Amino acid sequence: MKLFSTSRLLAFGTALTLTLAVGMGCAAAQGMAKPGDMKAAPMADMKAAPMAPMMADRAKLLTSPGVFGNFSTYKVRADYYKLTAADRKMAAAEILKVIDKHKDKVIVDAYLTRGFKAQSDYFLRIHSMDPAATQSFLVDFRATRFGMHSDVTENLVGITKALNYITKDKSKDLNAGLSGATYSGDAPRFAIVIPVKKNAEWWNLTDEQRLKEMETHTMPTLPYLVNVKRKLYHSTGIDDTDFITYFETNDLGAFNNLLLSLASVPENKYHVRWGNPTILGTIQTVETVVKTLSGM
């Protein structure tokens with residue numbers, strides 16, 4: 001048997017060491033485990049960290065068609081004020097936690113009506129792409145101590161749609177007037193909600209007749225759009241009204257004049273419901289509304 005010389009053994013050992021080193025470097029570059037890293041990884045480390053829910057796109061929900069709007073008014077029961085100050089102090093944080101839980105599917109706006117309306121103290125406007133998501137939020141909201149001590153006095157549900165009548169194709173000049181009207185007043189402080197229901201005669205008009213009526217309706221409103229923001233929700237078949245009209249303004253005098261101009265157009269004769277209730281509130285954060293009504 002032929003023996004290796006000492007020099008050949010050293011050369012072989014050096015080559016083997018270089019080969020192992022190169023192999024380990026390649027493994028590390030590819031994310032493979034190195035010999036010193038072969039301990040069992042804890043199961044928690046091997047699982048991907050749960051991703052925080054994304055917030056619903058507020059701008060999209062407030063401008064897109066096909067979005068559901070839910071308006072609910074509440075009266076705070078007197079027994080809420082029998083709770084300790086500590087319990088009432090926790091109410092806002094509890095509700096904010098519920099809002100955070102549902103933030104990926106709904107957006108919630110709050111308004112203070114106490115002092116303006118006898119039937120309610122506040123109202124919520126909730127937008128979502130899925131009404132079941134809104135319902136899920138409201139179920140959780142009513143389970144909070146503030147929600148449990150609030151009685152619902154009105155609930156309205158509608159959906160946003162593209163313009164039906166004053167479109168570029170059907171009414172070019174008026175559409176341009178609507179598109180070019182920009183709100184230029186101070187930041188709105190007040191919100192007004194007015195449900196509207198039409199009679200059967202309205203729905204039996206032809207499309208051309210309804211277009212003519214809506215053109216007459218729209219013309220006198222244009223001068224007020226610099227002072228009043230407006231948004232329309234369609235409710236026929238999903239609520240006991242046909243439309244929910246929502247307005248924001250910092251100038252209630254201008255809003256009053258706007259409504260007077262609408263009261264005098266012929267289209268008004270087709271209404272069987274105008275308001276009832278008309279809801280007036282100040283635009284607030286949810287936290288501010290709860291703290292105000294909690295005496296905090």
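Can you list which of the trypsin sites (Lys or Arg not before Pro) found in the range 141-170 are DSSP loop residues with at most 15 other C-beta atoms within 10 Å?
For trypsin sites (Lys or Arg not before Pro) across the range 141-170 that sit outside H, G, I, E and B with at most 15 neighbouring Cβ atoms in 10 Å, the list reads K161, K168.
From the square roots a ≥ b ≥ c of the eigenvalues of the alpha-carbon gyration tensor of the range 85-212, which class results: rounded (a/c under 1.5), prolate (a/b over b/c), or oblate?
Since a/c reaches 1.5 and a/b is larger than b/c, the shape of the range 85-212 is classed as prolate.
For the range 58-293, give the magnitude of the charge dipole about the Cα centre (Cβ charges: +1 Lys/Arg, -1 Asp/Glu; no others), in debye to the nearest 20.
So the magnitude is around 500 debye.
Too long at a 26 Å Cα-Cα cut-off: which of K101/K229; K168/K231; K101/K291; K60/K89; K97/K117?
Distance filter (> 26 Å) returns K101/K229; K60/K89; K97/K117.
Could you list the square roots of 5 times each eigenvalue of the Cα gyration tensor of the range 58-293, that is, the equivalent ellipsoid semi-axes, sorted largest first and rounded to whole Å?
34, 18, 17
Find the relative contact order for the range 104-192 and round it to a whole percent, using C-alpha pairs within less than 8 Å whose residues are 6+ positions apart.
After rounding, I find 18 percent.
In the range 156-202, with Lys and Arg counted as +1 and Asp and Glu as -1 at Cβ, which of these residues, I194, Y183, G158, has the Cα nearest the positive end of the dipole, that is, farthest along it?
Comparing the listed Cα positions along the dipole, G158 ranks first.
How big is the range 146-242 along each principal axis, measuring the range of its Cα positions in Å and listing the largest first?
Computed over the Cα atoms, the extents are 50, 40, 19 Å.
If I histogram all Cα-Cα distances within the range 245-288 using bins 5 Å wide from 0, what percent of pairs lands in each bin?
With 5 Å bins starting at 0, P(r) equals 5, 14, 23, 25, 16, 8, 4, 3, 1.
Can you work out D for the range 150-199 in µm² s⁻¹ from Stokes-Einstein, where Rh is the Kirkwood radius over C-alpha pairs, the temperature is 4 °C and the viscosity is 1.567 mPa s?
D, rounded to a whole number, is 88 µm²/s.
Enumerate the amide H contacts of R77 below 5 Å, restricted to partners 5 or more residues apart or on another chain; note that Pro and chain-start residues carry no placed amide H.
The list, which skips near neighbours in sequence, is S150, D151.
Going by amide H atoms built from the backbone, whose H comes under 5 Å of the H on V272, apart from near neighbours?
K197, K198, N199
Since every read-out is calculated from the coordinates, none of them should be taken as a lab result. The shown structure was predicted, so the numbers you read here are calculated from the model rather than taken from an experiment. Glycine gets a Cβ as well: all are built from the backbone with ideal geometry, and neighbour counts include every protein chain shown.
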